[in-house]
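Notes for the one structure printed next.
The values are calculated or read from the model by the stated rules, or taken from the named source; none is laboratory data. Since we're looking at a predicted model, the values are computed, not measured. Using ideal geometry, Cβ is built from the backbone for each residue, glycine included, and neighbour counts are taken over all protein chains shown. Protein only, heavy atoms only, side chains kept; ligands, DNA and RNA dropped before computing areas. Shrake-Rupley method; radii C 1.70, N 1.55, O 1.52, S 1.80 Å.
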2 protein chains.
Amino acid sequence: MRDITLKQIAETLGISITTVSKALKDYPDVSPKTRKAVLELAQSLSYTPNSFAVNLRTKESRTIGLIIPEVVHHFFSNVINGIIDEAEKNGYLVIILQSNESLELEKKQVELLMQKRVDGIIMSLSNESNDDEHIRDILRKEVPFVMFDKISKLIPCSKVIINDQKAAFNAVQHLIQKGCKKIAHIRGPVNPQNAIDRFLGYKKALEQNGIPFDSKLVYTCKNVTFEEGLAFGKQIAIEHPDVDGIFVITDLVAVGVLAHFNEIGLKVPEQVKVIGFSNWFMSQVITPKLSTVDQPSFEMGVQSFKLLLEEINTKKELHPFQPRTIELETSVIERDSTSKN
Amino acid sequence: MRDITLKQIAETLGISITTVSKALKDYPDVSPKTRKAVLELAQSLSYTPNSFAVNLRTKESRTIGLIIPEVVHHFFSNVINGIIDEAEKNGYLVIILQSNESLELEKKQVELLMQKRVDGIIMSLSNESNDDEHIRDILRKEVPFVMFDKISKLIPCSKVIINDQKAAFNAVQHLIQKGCKKIAHIRGPVNPQNAIDRFLGYKKALEQNGIPFDSKLVYTCKNVTFEEGLAFGKQIAIEHPDVDGIFVITDLVAVGVLAHFNEIGLKVPEQVKVIGFSNWFMSQVITPKLSTVDQPSFEMGVQSFKLLLEEINTKKELHPFQPRTIELETSVIERDSTSKN
DNA sequence: GGTAATTTCGAAAACGTTTTCGATAACGAT
DNA sequence: ATCGTTATCGAAAACGTTTTCGAAATTACC
């Protein structure tokens, strides 16, 4: 049961390979009669073109690469979802790699994808990423490239982001409106731009409301885990028992905080209000239901692929490509952890 | 900045393409002197072989396809994690597609992957899958193939599974040991083999303990969601207020049940004990912490790829391949939803 | 110096497709 | 019958690599 090729079809029909190829691709210069014959035979033999040969000839594989810090993560798996959905609609397949937040791995994977000659790369930076030579390498080779969420502002490429600073500002503003006077912040790691921006948004909201900024009230995550949430919850309760509001970098950590407060009997939202970030599915399942900032993760995936496709297509026609940045809207979602009904 | 090819290296060095190729691939019949020259030039030009050409020539792409019902799912994203980890270790990349539990999509995707000529396919069936012509097509074309978790017992291929019946049996046995006399079961959809097996395990445990089976105590999920958990929790509380134990098809649904019980003030585990399935990360975060059955999802991914690689390699050497089934161990994890400490 | 063995190299085919361009055939118009 | 036009086809090159097989060059041996 060997693979069917154009050659075999041509031979059994007594015509040339060229004509068979043309018939299958709806070229105008083949008679209806022979076209019909070719189509029928191809159908009955269930011919499918050898994609390896097509790739070589056309110099494209209709495959893109996706590098993310981790697959097992509510936010990222939703983005993946959006990307592979939109990609499939457009006849593209997606190769997924995860950097496990390691810069070294990330570099290797970028190289791997370029060797594979994917048609484009979508990527969210690992937390370690500050050296970006490997990223510039992508641009140098003119491989279509889009970054989302964790981006580097220095790289001139298309991006899909949210306005982290504004979103964080709104979250803290929400706490203040609910009456909070002393607000702590559990922030993300040092490097990632969005951790920085959310911190800046927190700071700005305090300033605009005449609340003095106190660096002692800022706690920095290393791994952004549930366990860190537990630990920081404990630390805050001990070090600053008068804190009445906490803005947390992401829902997962916020859930850890809530879990600790539940355990020690600290009342949320009566004694302290908590707001997270991301609108993780789980945040409306726990008690108390967690207020949060909705971040359109699926849509982020969709838009990322669309931008990439745009770049792929304009470059295919040898036109110059102008990178674009898409900023998606966020919104504060009020639940039980910041208001009692 | 065009791509570097063997031809270019050969021309600048004044030797043949053949020799360049051999030098780069450590063939014995090339002198140390020319090898050195080739290696150095290749290095300085940062030559990388055109994988499209290599694919065509070697008839393999070092890429595999993975079809799963949904990416955004704790169990599946962990399996994905295991697969792409192990694949990368062995120099393989992974194309991921999701069937969204639709048989029609699943069929299309199988075809897509075969057209792409991936070196192998790993797959977990969608809930709709009962017609398996598309699966048999994979075997007919002798594409290496592994199924995991949601499998079809009728297909002769390698599989990675758990013993769902035994695991369910142990879960129900656990409830009985904790004193439950009237045990309900929220089961999965009708088709999937593992939903059937877990149901059988439930039944068997009742029988062996002299508890009469009552089909009225069995509730069938359609979509296996948190919302269904809420709904069935409500239904059970109304229809059978004397139920004192519930075995739920998966943690997500069980969490829904707990959420409803929390809401109406039904005490878990005092009035009713609940045990889930999968050991979802979230199950130890909610109150009360959910007892469950641990299912080694990451390991399932690793083993799936290993089996696939085994098949790829033996088939590459034209040896006959004997499918194998790997059964991974599960264990009951006791938490607060079945015992008070 | 002659023969045999060993190194070292390269021509060429093959993988299967796409596409250009020229050739042939068919047809209509005069 | 001649010319121009159009419809239909196929030869061949190209994509870049791998590998076989034979040729040439070098070395070893007596």
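On the beta carbon distance between residue A:163 and residue A:239, with R0 = 41 Å, the FRET formula returns roughly 0.85.
When +1 charges are put on Lys and Arg Cβ atoms and -1 charges on Asp and Glu Cβ atoms, the dipole computed for the protein assembly as shown relative to its Cα centre reaches about 1180 debye. Most tightly packed first, judged by the mean number of other beta-carbon atoms within 10 Å of their residues, the peptides B:128-139, B:162-173 read B:162-173, B:128-139.
Computing FRET efficiency as 1/(1 + (r/R0)^6) for residue B:8 and residue A:317, where r is the C-beta to C-beta distance and R0 is 35 Å, gives about 0.85. The relative contact order of segment A:164-295 comes to 25 percent, based on Cα pairs under 8 Å that sit 6 or more residues apart.
When the square roots of the Cα gyration tensor eigenvalues are ordered a ≥ b ≥ c, the ratio a/c for the protein assembly as shown is 1.5 or more and a/b does not exceed b/c, which makes its shape oblate.
The residue among B:154, B:58, B:243 whose Cα reaches farthest toward the positive pole of the charge dipole of chain B, with charges on the beta-carbon of Lys, Arg, Asp and Glu, is B:58. Listed by chain and number, the lysines whose C-alpha is less than 17 Å from the C-alpha of residue B:216, apart from same-chain residues fewer than 8 away, are B:181, B:182, B:203, B:204, B:234. Kindly tabulate the residues in segment A:96-110 with an accessible-area decrease of at least 20 Å² between the chain alone and the assembly of all protein chains, using a probe of 1.4 Å. Hits at the 20 Å² cut-off: A:96, A:97, A:98.
Sorted shortest first, the separations between the residue A:319 label point and its copies elsewhere in the assembly read 5.5 nm; each point sits 7 Å from Cα along the Cα-to-Cβ line. Checking the a/c ratio against 1.5 first, then a/b against b/c, what shape does the Cα gyration tensor give for segment A:164-295? Because its axes are fairly even, with a/c under 1.5, segment A:164-295 counts as rounded.
For segment A:189-235 and segment A:161-185, what is the centre-to-centre distance using only Cα atoms, to the nearest Å? Result: 11 Å between the Cα centres. Shown here is the pair-distance distribution of segment A:113-198: with all Cα-Cα distances grouped in 5 Å bins from zero up to the longest one, the shares run 3, 12, 20, 19, 14, 10, 8, 6, 4, 3, 1, 0 percent. An ellipsoid equivalent to segment B:6-49, defined through the eigenvalues of its Cα gyration tensor, has semi-axes of 14, 11, 10 Å when rounded to whole angstrom and sorted largest first. Just the number, please: Stokes-Einstein D of segment A:24-128 in µm²/s, Kirkwood Rh from C-alpha pairs, 37 °C, 0.692 mPa s. Approximately 200 µm²/s, per Stokes-Einstein. Pairs from the list A:107/A:306; B:116/B:315; B:273/B:340; A:7/A:33 with a Cα-Cα gap above 21 Å: A:107/A:306. Placing a label point 7 Å from Cα along the Cα-to-Cβ axis, residue A:177 is separated from the same position in the other copies by 5.3 nm, shortest listed first. With the helix formula -39500 (n - 2.57) applied to DSSP H stretches of n ≥ 4, chain B reaches a computed 222 nm mean residue ellipticity of -14000 deg cm²/dmol. Looking at segment A:164-295, the accessible area is 40 square angstrom per residue; that uses a 1.4 Å probe and ignores ligands, DNA and RNA. Take each peptide in B:87-98, B:66-77, count the other Cβ atoms within 10 Å of every residue, and average; sorted highest first, the result is B:66-77, B:87-98. Here r is the Cβ-Cβ distance between residue A:223 and residue A:25 and R0 is 41 Å; the resulting FRET efficiency, rounded to 0.05, is 0.20. Using Cβ point charges alone (K and R +1, D and E -1), the dipole size of chain B about the Cα centre works out to roughly 720 debye. Taking both sides together, the accessible area buried where A meets B is about 4300 Å² for a 1.4 Å probe.
Residues of segment A:263-288 whose accessible area, computed with a 1.4 Å probe over protein heavy atoms, drops by at least 40 Å² once all protein chains are present relative to their chain alone are A:281, A:282, A:285.
How high is the relative contact order of chain A, in percent, with contacts defined as C-alpha pairs under 8 Å that are six or more residues apart? Dividing the mean separation by the residue count of chain A yields 17 percent.
Surface composition of segment B:164-295: carbon and sulfur atoms hold 50% of the protein heavy-atom accessible area at a 1.4 Å probe. Mind jotting down the distance between the C-alpha centroids of segment A:1-46 and segment A:269-341, whole Å? Segment A:269-341 and segment A:1-46 have Cα centres separated by 49 Å. Using a probe of 1.4 Å on the protein chains alone, the accessible area found for residue B:216 is around 140 Å². Each other copy holds its own label point for residue A:3; taking that point as 7 Å from Cα along Cα to Cβ, the gaps run 1.7 nm, nearest first. Counted over chain A with a bin width of 10 Å, the fraction of Cα pairs per bin, in whole percents, is 5, 22, 24, 18, 13, 7, 6, 3, 1. Mean projected area of the convex hull spanned by the Cα atoms of segment A:243-341, taken over all viewing directions: 7.5 nm². Percent of C-alpha pairs per 5 Å bin in segment A:116-165, short distances first: 5, 18, 33, 26, 12, 4, 1, 0.
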